[in-house]
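**Student:** Below is the structure I would like to discuss, written out as structure tokens.
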Amino acid sequence: MNKDNIIILNLSEFDVENIGDDIADIISDFTCTLNKDVESFLHNNAIEFTRKKQSVTYLVLSGESAQLLGYFSLTIKPITITIDVNTSISNTMRKKIERVSKFDEESHSYTLAAYLIAQLGKNFSENVDILIDGSDLLNLAVEKIKEAQNIVGGLAVFLEAEDNEKLLEFYKSKNGFVEFGSRMSESSSEPHKLIQMIKLLK
């Protein structure tokens, strides 16, 4: 991916109380056949969540065609990581987490604030998805988080993914995330299991 041909629009830099037709049209073109929750969030929640500072959504556009390639939404949330025989957290990662967390001896768990990639989705409208790789989109999100890290600190980024072998392989093997827990989704569609994964920033 040539970053010179990528435009990233931060919705918080626009008047989200009265979003312009241009931005609204860009958002309306987004289709995600693999995950309707990702599609629904951009269409129905992204602007409102940005307005309320619950998260900030970034639109990723082609610099050549101005097509919407994908988007990601970022926020900060507390997470709890329990250390037990089933954990995937290495001793090296654990020692780094100790620097920015509170340890509870009773539950044998760490609580810390972390950057959350709350949404990440490619646009599958009219074969636009071939213009950007999933790892490139993820890396753009991590780069934005690193900009925040350079200003306020922080160490960990996490996300929650569908319990899908191919998707989990994408995050783990290709992009260095480690599983640390799971929870049931609060989606408006049928509840389902989400796998929680973490990665430490340099």
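The values are calculated or read from the model by the stated rules, or taken from the named source; none is laboratory data. Quick caveat, the model's predicted, so the values are computed rather than measured. Neighbour counts run over all protein chains shown; Cβ positions are idealised from the backbone, glycine included. These accessible areas exclude ligands, DNA and RNA; they are computed on the full protein's heavy atoms, side chains included. Shrake-Rupley method; radii C 1.70, N 1.55, O 1.52, S 1.80 Å.
**Student:** Is it the case that some residue within the range 182-192 is open to solvent by less than 60 Å² (accessible area, probe 1.4 Å) and among the acidic types (Asp, Glu)?
**Tutor:** We begin by selecting, within the range 182-192, every residue open to solvent by less than 60 Å² (accessible area, probe 1.4 Å); these are 185, 187, 189, 192.
When the remaining residues are screened for being among the acidic types (Asp, Glu), the result is none.
Within the range 182-192, none of the residues are open to solvent by less than 60 Å² (accessible area, probe 1.4 Å) and among the acidic types (Asp, Glu).
**Student:** For residues that are open to solvent by 70 Å² or more (accessible area, probe 1.4 Å) and either modelled with pLDDT of 75 or more or of a type in the set (Asp, Glu) (or both), tally how many sit in the range 8-24. Write out each step before concluding.
**Tutor:** As a first pass, look at the range 8-24 and keep what is open to solvent by 70 Å² or more (accessible area, probe 1.4 Å): 13-15, 17-18, 21-22.
Filter once more, keeping what is either modelled with pLDDT of 75 or more or of a type in the set (Asp, Glu) (or both): 13-15, 17, 21-22.
So the count comes out to 6.
**Student:** OK, next. Read through the list (1) closer than 26 Å to Leu68 by Cα; (2) modelled with pLDDT of 95 or more, then give the number of the only condition that Ser187 fails.
**Tutor:** (2)
**Student:** I need a count of the residues in the range 61-106 that are among the acidic types (Asp, Glu) and either in a helix (DSSP H, G or I) or surrounded by 11 or more Cβ atoms within 10 Å (Cβ to Cβ) (or both). Step through it out loud before you land on a result.
**Tutor:** Step one: of the range 61-106, the residues among the acidic types (Asp, Glu) are 64, 84, 98, 104-106.
When the remaining residues are screened for being either in a helix (DSSP H, G or I) or surrounded by 11 or more Cβ atoms within 10 Å (Cβ to Cβ) (or both), the result is 64, 98, 104.
Summing the residues that are among the acidic types (Asp, Glu) and either in a helix (DSSP H, G or I) or surrounded by 11 or more Cβ atoms within 10 Å (Cβ to Cβ) (or both) in the range 61-106 gives 3.
**Student:** What's the number of the condition Ala113 fails, among (1) free of Cβ contacts under 8 Å to residues at least 60 places away in the same chain; (2) assigned to a helix (DSSP H, G or I); (3) open to solvent by 50 Å² or more (accessible area, probe 1.4 Å)?
**Tutor:** The one condition Ala113 does not meet is (2).
**Student:** Name the one entry in Gly121, Gly153 that is on the phi > 0 side of the Ramachandran plot and either open to solvent by less than 40 Å² (accessible area, probe 1.4 Å) or out of contact with any Pro (no Cβ under 9 Å at 6 or more places or on another chain) (or both). Working first, answer last.
**Tutor:** Numbers: Gly121 fails: on the phi > 0 side of the Ramachandran plot.
That would be Gly153, the only listed residue that is on the phi > 0 side of the Ramachandran plot and either open to solvent by less than 40 Å² (accessible area, probe 1.4 Å) or out of contact with any Pro (no Cβ under 9 Å at 6 or more places or on another chain) (or both).
**Student:** Same structure again: So which of Ile130, Ile198 ends up being among the hydrophobic types (A, V, I, L, M, F, W, C) and open to solvent by 60 Å² or more (accessible area, probe 1.4 Å)?
**Tutor:** Values: Ile198 fails: open to solvent by 60 Å² or more (accessible area, probe 1.4 Å).
Step by step, each of Ile130, Ile198 is checked, and only Ile130 is among the hydrophobic types (A, V, I, L, M, F, W, C) and open to solvent by 60 Å² or more (accessible area, probe 1.4 Å).
**Student:** Right, something else. Looking at Asp136, is it under 26 Å from Leu61 (Cα atoms), among the acidic types (Asp, Glu) and at pLDDT below 95? First the steps, then the outcome.
**Tutor:** Details: under 26 Å from Leu61 (Cα atoms): yes; among the acidic types (Asp, Glu): yes; at pLDDT below 95: no.
No, not satisfied.
**Student:** Here's something else I'd like to know. For residues in the range 25-60 being under 15 Å from Leu131 (Cβ atoms), in contact with a strand residue (DSSP E or B) (Cβ under 8 Å, 6 or more places away or on another chain) and part of a loop (DSSP other than H, G, I, E, B), which is most open to solvent (accessible area, probe 1.4 Å)? I'd like the intermediate steps shown before the answer.
**Tutor:** Initially, the range 25-60 is screened for residues under 15 Å from Leu131 (Cβ atoms), giving 26, 29-32, 59-60.
Remaining after also requiring in contact with a strand residue (DSSP E or B) (Cβ under 8 Å, 6 or more places away or on another chain): 26, 29-30, 32, 59-60.
Then drop every residue that is not part of a loop (DSSP other than H, G, I, E, B), which leaves 29-30, 32.
Values: Asp29: 92, Phe30: 1, Cys32: 8 Å².
Top of the filtered list is Asp29.
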